[in-house]
Structure formats: C-alpha cells, structure tokens
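Structure first, then comments.
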Amino acid sequence: MNYQAIIDLVKEAAQFVFDDTLRSEINMKGAADYVTAVDLKISNFIKEKLRELTPEIGFMSEEEDGEIAEKRWILDPIDGTTNLVYGYNMSSVSLAYFNGKEVEFGVIFNPYNGDLFTCKRGEGVYYNGEKLKKPEDRELENCLIEFGAGSTKKQFTDESFALGKEVFRNCLDIRRICSSALAIAYVAAGKINGYFERNIKPWDYAAATLMLEESGAISSDWDGNPTQYEHQSSYVCGTPKAYAFLMDTIDKYSQK
C-alpha cells in the first residue's frame, strides 16, 4: 500500500478547514455537538479518494452510517469540531487503517500549525518527518495529564471533574486540548504523559493508539480491557507510571 499517498490525501483534505464558506455552515447533531460543512466535506472527499486508491477496504467515519467492514479505514474528519467553530485552532484530521486484527497505519494532521504524526506498525512514530524517541517515563509529580470531559456527556460532569481534581492534586498540571487524537499523539511524542476520557469513539483514538503502542506507552479501557475499534468505549493511556496512577485513580473515583 502506498502510505505516502494516504498521508498526502489527509494533508490535502485538511485544507478545507480554511474555507470560510464551509466553516460557516454549522448544524447541531445534539446538545453541544457541532457538525460543520468542513466535517462533511473532508469525510466525503477522503472516502471517495480512498475508494480509488484502496477499493477493497471498507470505510468507517464519524459522519458515516453503515456496516462496519472487517478491513477498514477509520476516519475522524475533524477531531475537535467545537475548536474549529470557535477558531481555537487545535483540531485534527485522523485516519487509521485497521487490517481486521489490529491498526496497521495511522496519520494525524493539524492543518493550523502543520503538526503531522505518522506511524506504520513496527516502524515507530514520526513527527513532522523525524522519528520520535521513546517518551520519558516521568514520575507523576512531573507529568502533564490531559483529560476529556465530553461536552455532550454532561451527566458525567461530577465524575469527570472529581477524577480531574485528584489527578491535578498529584501531577504537575492538567490540560484540556479537546482534540482526543492530538492529545493521545502528544502522549506518544512525550509532550504530555497521560490521557483519560469516559466516553470516546474509535475514530477519536484509532490512529493515535498505534502511535502509543509504537512509543512504548499503554492504553486500555477503564476496566483494563484492550483497546477495541468497533464501538464507543472508555479510554485511558499514558507512559507506564502515569498509566498506572490513572488506572488506580479511575478505580477509586469512577462510577463504573
């Protein structure tokens, strides 16, 4: 498979974020759940191009209903749509190839600052063309931890922020980028050290989870089960010491 062509496709599609007409077409899928014409344009554009490049592989996207194929591309056309709507400039296009057993390839691209993460199983993680070193396994007091609260899942507000409070009490500081794909990729890159969220979809983490695996970091759901790519799940990841602390904190404070 020509993965460079896939990377180029993602970078090309991501330029639609700069189309003011598309950005101005905003609808609501539900409470605090935006979808823009940018999301739909990128999803349709990538789907059609992938059909030309890899017609034998299925397609799964945040903006796509349909049967889940065994071998499939997993796309989040805009991870961080609220950021896009508000001009926060921390959004990404995330695309992964799931070969029926595991994620084989992933690419995450933030068109605003040009951050490009790419990964092929067994070959490590690349950030803007440079191969990344294994992230440092810092002691918790030196860790930055990101967490997702889920603006569409406010029934879990008390739980999410109780966890966030306990994590903040013990780590260096916490972050809220609000693009799961970027946050998890930053764990793989050593820019932050852990991440957790109660409800997250496969397209949010598929590409980034491969990057975690290749970097030596760890991911699972909140019960410690392996990451899956079929349906919504809880999610936690980190370098080994951060991951162990997060799992222990979730076990104590979550309402699983």
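So here's what we get for this one:
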quantity: Residue check, GLU159 closer than 18 Å to VAL236 by Cα and either among the acidic types (Asp, Glu) or in contact with a helix residue (DSSP H, G or I) (Cβ under 8 Å, 6 or more places away or on another chain) (or both); calculated: yes
quantity: Residue, farthest from LYS252 (Cα to Cα), within region 211-221, restricted to residues that are open to solvent by 10 Å² or more (accessible area, probe 1.4 Å) and not small (Gly, Ala, Ser); calculated: GLU214
quantity: Test set (1) within 18 Å of VAL236 (Cβ to Cβ); (2) in contact (Cβ under 8 Å) with a residue 40 or more places away in the chain; (3) among the hydrophobic types (A, V, I, L, M, F, W, C) - VAL125 fails condition number; calculated: (1)
quantity: Residue satisfying all of: in region 59-75; modelled with pLDDT of 95 or more and not hydrophobic (A, V, I, L, M, F, W, C); most open to solvent (accessible area, probe 1.4 Å) among these; calculated: LYS71
quantity: Any chance SER215 is within 20 Å of GLU102 (Cα to Cα), in contact (Cβ under 8 Å) with a residue 12 or more places away in the chain and among the small types (Gly, Ala, Ser); calculated: yes
quantity: Residue within region 144-160 that is over 16 Å from ASP79 (Cβ atoms), modelled with pLDDT of 95 or more and open to solvent by less than 50 Å² (accessible area, probe 1.4 Å) present; calculated: yes
quantity: Every residue from region 172-186 that is in contact (Cβ under 8 Å) with a residue 40 or more places away in the chain, open to solvent by 10 Å² or more (accessible area, probe 1.4 Å) and within 13 Å of GLY80 (Cα to Cα); calculated: ILE177, CYS178, SER180
quantity: All positions within region 49-60 that are closer than 17 Å to ASN2 by Cβ and not polar (S, T, N, Q); calculated: LYS49, LEU50, ARG51, GLU52, LEU53, PRO55, GLU56, ILE57
quantity: Leading residue by the ranking (nearest to SER180 (Cα to Cα)) among those in region 226-256 that are within 18 Å of the chain's Cα centre (by Cα) and surrounded by fewer than 16 Cβ atoms within 10 Å (Cβ to Cβ); calculated: GLN232
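Here is a yes/no grid of residues against (1) assigned to a helix (DSSP H, G or I); (2) closer than 13 Å to THR82 by Cα; (3) within 21 Å of the chain's Cα centre (by Cα); (4) at pLDDT 95 or above:
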site: MET1; (1), (2), (3), (4): no, no, no, no
site: GLN4; (1), (2), (3), (4): yes, no, yes, yes
site: ASP8; (1), (2), (3), (4): yes, no, yes, yes
site: LEU22; (1), (2), (3), (4): yes, no, no, no
site: LYS29; (1), (2), (3), (4): no, yes, yes, no
site: TYR34; (1), (2), (3), (4): no, yes, yes, no
site: VAL38; (1), (2), (3), (4): yes, yes, yes, no
site: ILE46; (1), (2), (3), (4): yes, no, yes, yes
site: LEU50; (1), (2), (3), (4): yes, no, yes, yes
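The values are calculated or read from the model by the stated rules, or taken from the named source; none is laboratory data. None of the values given here were measured: they were computed from a predicted structure. Heads up, the Cβs are rebuilt from the backbone with ideal geometry, glycines too, and the neighbour counts pull from every protein chain shown. Accessible surface is based on the protein model in full, side chains and every heavy atom, while ligands, DNA and RNA are left aside. Shrake-Rupley method; radii C 1.70, N 1.55, O 1.52, S 1.80 Å.
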